1. How many Å² of accessible surface get buried when A and B come together, counting both sides, probe radius 1.4 Å, rounded to the nearest 100?
2. Quick one: which bits of region A:91-139 get at least 50 Å² less accessible when the partner protein chains are in, versus the chain alone, with a 1.4 Å probe?
3. At 1.4 Å probe size, what's the solvent-accessible area of B:TYR275? Round to the nearest 10 Å².
4. How large, in percent, is the carbon and sulfur part of the accessible surface of region A:128-194 at a probe radius of 1.4 Å?
5. Could you sort B:THR350, B:THR400 by their accessible area in this structure, using a 1.4 Å probe and putting the largest first?
6. Calculate, for B:CYS226 and B:GLU170, the FRET efficiency according to 1/(1 + (r/R0)^6) with r their C-beta to C-beta distance and R0 25 Å; round to the nearest 0.05.
7. With a sphere of radius 12 Å drawn around the Cβ of B:ARG125, what net charge do the other residues whose Cβ falls strictly inside it have (Lys, Arg +1; Asp, Glu -1)?
8. Could you give the length gained by full extension between A:SER406 and A:ASN63, i.e. 0.36 nm per residue of separation minus their alpha carbon distance, to one decimal place?
There are 2 protein chains.
Amino acid sequence: MKIENLCVKRLIGDVAGATTHGHKIALKGGYIYQTFQGGYTLSPLGWRVVKNIENIIRQEMDNIDGQEILMPVVSGADLWRQSGRYDKVDVLTKFKSRAGADYVLNPTHEEVVVDFVKSVLETYRQLPFMVYQIQTKFRDELRVRAGLVRTREFIMKDAYSFHNSVEDLEKYYNRCLDAYNKIFARCGLKNFVHVLSSTGDMGGSVAHEFQLVNDMGEDTIYLCDCGFNANKEVVDGDTEICPKCGKKMRKVRGIEIGNIFQLGTKYSKSMELTYTAPDGTSQNPIMGCYGIGVGRTMAAIMEESADDKGPIWNMATAPFKVEIIALPDADGKCVKLANELYEQLKSCGTEVLLDTRDVRAGEKFADADLIAAPIRMIISGKNLQQDAIEMKYRVNNYDTSILPTSIAIANWKKELDEIICKLSK
Amino acid sequence: MKIENLCVKRLIGDVAGATTHGHKIALKGGYIYQTFQGGYTLSPLGWRVVKNIENIIRQEMDNIDGQEILMPVVSGADLWRQSGRYDKVDVLTKFKSRAGADYVLNPTHEEVVVDFVKSVLETYRQLPFMVYQIQTKFRDELRVRAGLVRTREFIMKDAYSFHNSVEDLEKYYNRCLDAYNKIFARCGLKNFVHVLSSTGDMGGSVAHEFQLVNDMGEDTIYLCDCGFNANKEVVDGDTEICPKCGKKMRKVRGIEIGNIFQLGTKYSKSMELTYTAPDGTSQNPIMGCYGIGVGRTMAAIMEESADDKGPIWNMATAPFKVEIIALPDADGKCVKLANELYEQLKSCGTEVLLDTRDVRAGEKFADADLIAAPIRMIISGKNLQQDAIEMKYRVNNYDTSILPTSIAIANWKKELDEIICKLSK
């Protein structure tokens, strides 16, 4: 992609309406655009990052035997009446069709998935299984916050597992907890923890939240040296005493990026989902559910890792892996070499951005900081005289190395693969 | 994936509520499940097919320099009031938030994309560009039909291009028309045509529909030997005379799978989207828009290609590329070899389904017909005695060949790659 055609608006100077640093960087870099209060358009840059996060999630969900499906954004009111939640969930958006039928915009999909699984499940032999989707949800929140941190419309990965015993659910729940740790680590998040939480409106017995420890978070969480972490529903806020070891806990703020629930039979009972057990009796399957805020994960990365210049993506999440910058030169040699390298990288499937615009070097670098390709190749007349291309690595705080032009042209692919491999670790 | 864990319900015998053959096969195979009238859940099977179609679309859109974005399902009423369509589009669903704000479920995204592009576009130097998304839409249709053929909620690929001259739009429009031909051909559709259509409510000058010629289609289209095709808005239904050559046209039925429009400045004018032209004046960009019904494309394949046993996917769309079936045998040798082959294929990333269930051969084959992997590997005691695995190719009307077991084990990957390559042509 050539930078002049990229349908992204980068802003210079201060940004109106940003309440946190990550939100400011997301707006300055043109990652997100507010279509309505709490609803965003993801630009080509923002969507590339979110797609990268989605793919990491897909891989880890498939690794724990998840089967991807897609449920509708809308559903009939009947399903929500069956579960008894139609009049209980305040963020549930209701509307009528022209023909007068009652619909909702699903804020979560327990009702819809249980109704689907009713059409599939017959015998214990099919259990356990897990289905998941990555899909749009709408919640009529009274308050939105910090760009993609709290929105009304958002992309969520929601997974639902079905079991024939509590033990089996617990085993799977722990596999999913491990998968979540892998997902957030692969996304480049650093200071995240899982904390015990209350199951609240969702029903069930055990639940955990995945929280990014961050001062701009709106949740209060408690961490203990003994390894026990919990949110404020579980810990007495007056004493701040660890329910496990009795010591005083550390109180910090967090951004909730995921949550997992042992639901039990709340939904399978209320919606009459059953299977035939080995002894011939009819049983309600035991359920777990597992959510990740996909857009919020992008926002969380920006809250944790962005500096004053822009975001810091890792090799897995970056919208482009390489950016080639040709600095202004009189005889056009830099632009020519930049184009050559660009075509070669593109032909091998590297996600590469090319900047040969006739603008100041400072503008090019400021733009590159906001797009934040982990590898930046700078071609300047001065370097070319020494047969060199300057390589800068954003993830390593702009570490610089020199690549001889001869290698760059003859053997750039091997060289670059090695760099990518090193930076991916 | 092992077939016993696949969260898919296959139905035996007749299916209630199916109005067409493709719809019947989609329900029998458990590809789709009706969550509400006109809203479907895609099962792991259906979603695999739709994802495959989405990836074909993405590749061809990227090939014509498209930039993928994601716009919200919901938007504020204000954008639809700006364009003047708030009270004109009968399928537009309106609702109010708790706080009393007016929202809509977008049935199409001209308003939303123009508002986004207003935040990006400044100068003619940025033109032309095209942005697209693959996303959920909702239309409050009075009538739904034949499964995914006509629904209320559906997945659409919608693309929007922006130009500084009519000539440039026309050039791009033709590139997009070519890309559509490639997309539908790669999806395995055979008898599709593009027909001139009226621009209708969308505004603009020139428009084409892509129609799959099929008796169950609800549209009437006219085809002429001279190469001119049009829909009934363009051709006089009384005379059926070709407006181009004057001969009598052939009247057939079609399923609309895509449409492309030269919109002109209808939306850029009404919503005040401008850019600075080379002469310094402020101009409205000239727009095109380009839609594909993604779920409907899957439905169209099933209407055109399914036989009595099930759908016929090609290598690109099939939910699984290979299915391994172990037939019942006394000493367990078939199951053992099947498991071995399965693990090997899986480890190389082949999308493979394994059936080692202890059920009748007839049930296994009936299930395999509905899942319709292009390559079926059948391991039976009888064949094993002759060191052979039976290979059946669904795309070639169950053509059969024999693979020596020794090759299958030692060199299956090369062998299979050659078969896949041949079948992909």
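1. Values: alone 19360 and 19390 Å², together 33730 Å².
Buried: approximately 5000 Å² between B and A.
2. Buried by 50 Å² or more upon assembly, which counts only protein chains, are A:PHE95, A:ARG98, A:TYR103, A:PHE116, A:SER119, A:VAL120.
3. For B:TYR275, solvent-accessible area is about 10 Å².
4. Numbers: 1190 of 2410 Å².
Carbon and sulfur together cover 49 percent of it.
5. Values: B:THR350 30, B:THR400 70 Å².
The residues order as B:THR400, B:THR350, largest area first.
6. Values: r = 22 Å, r/R0 = 0.86.
My answer for the efficiency is 0.70.
7. Details: positive: A:LYS2, A:ARG357; negative: A:GLU4, A:ASP358, B:GLU122.
Value of the local net charge: -1.
8. Values: separation 343, 0.36 × 343 = 123.48 nm, distance 4.23 nm.
Difference between extended and current length: 119.3 nm.
The values are calculated or read from the model by the stated rules, or taken from the named source; none is laboratory data. Predicted, not measured: the structure shown is a model, and the values here were computed from it. When we count neighbours, we look across all protein chains shown, and the Cβ atoms used for this are built from the backbone with ideal geometry, even at glycine. Ligands, DNA and RNA are stripped out before the accessible areas are found, and what is left, the full protein with its side chains, is counted by its heavy atoms. Shrake-Rupley method; radii C 1.70, N 1.55, O 1.52, S 1.80 Å.
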